[in-house]
Each structure stands twice: as C-alpha cells, then as structure tokens.
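Since the structure comes first, as structure tokens, the remarks are kept for the end.
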Amino acid sequence: ITILDTIADNASSAMYVLGTRPVAPGDIELRDAEMTMTVNGETASTGVGAACLGHPYIAALWLARRMSELGTPLSAGDVVLSGALGPMVDLKPGDEVEATITGLGTVRTNWEVPS
C-alpha cells in the first residue's frame, strides 16, 4: 500500500460527516453529482462523482466483492466511503467546513482538535 492508497482510503483521518437524510442509490446519478467544499466561506475544493474511478459505484462494487472474498461481506447500514470527489484541503483548528453535493444536500462542521 502506497501513501496515495492511504490518502485515497481516508485511512489517515478516520473522520467523516454524514447528513441526516438518507438517499437511495437510484435516486441520484452519483457520476454526475457536483461537489463544492468551502472553508470559512471560501471555495476550497470542487469535483464530480466521475472523479472516483469514473463512477463511485465502481469503487463500492470492488469493495463489496473484496470484502465478500475475505469472508466479511458488507452489511446493511455500513458506511462506504468511495473516494474523494475533489482535491484534499489543509484545515486548521477553528475552520468552518461546508460541503454540498448536488442531489444529496449540504453538511457543515467546525474543525476542532479533540481535547
């Protein structure tokens, strides 16, 4: 595993933000979904679902097959992070981060160091 694999897998962070409104896979065309992330109100990263191996489902399908091969298949309710839609952004304590994905909605968080 290279550093690029580690970054792509979010292994160095182990953090993510979920919205409160689940969306069924067939209710949105993830390949075309546009993402905009702002930090402190300024655009910091943009991208589309196609940036993830051409379609986020490709990464999710690979993961589902691999986990099944390993004897630990995915279960209903598992969170699957299929990959970044845009470039990484450096954050510092106190930053306010907002991400909007068309068809999914918007999530917000404040970046803080745990005490």
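Pairs only if they're at least six apart or on different chains, beta carbon under 6 angstrom, first in the stretch 35-56 and at positive phi and surrounded by fewer than 17 Cβ atoms within 10 Å (Cβ to Cβ), second of a type in the set (A, V, I, L, M) and outside any strand (DSSP E or B); list them, first residue then second.
Leu53/Ala59
Please list, ordered by first then second residue, the pairs with beta carbon atoms under 8 Å, 6 or more apart or interchain, first in the stretch 68-83 and farther than 19 Å from Met15 by Cβ and in contact (Cβ under 8 Å) with a residue 24 or more places away in the chain, second of a type in the set (Phe, Trp, Tyr) and in a loop (DSSP other than H, G, I, E, B).
From the stretch 68-83, no pairs qualify.
Among Thr36, Thr106, Thr100, which is the only one that is more than 15 Å from Leu18 (Cα to Cα), assigned to a strand (DSSP E or B), polar (S, T, N, Q) and modelled with pLDDT of 90 or more?
The conditions single out Thr36.
Which one of Leu91, Leu74 is within 17 Å of the chain's Cα centre (by Cα), among the aliphatic types (A, V, I, L, M) and either modelled with pLDDT of 90 or more or outside any helix (DSSP H, G or I) (or both)?
Leu91
The values are calculated or read from the model by the stated rules, or taken from the named source; none is laboratory data. What you see is a predicted model; the values in this text were computed from it and never measured. Glycine also receives a Cβ, built like all others from the backbone with ideal geometry; neighbour counts cover every protein chain displayed.
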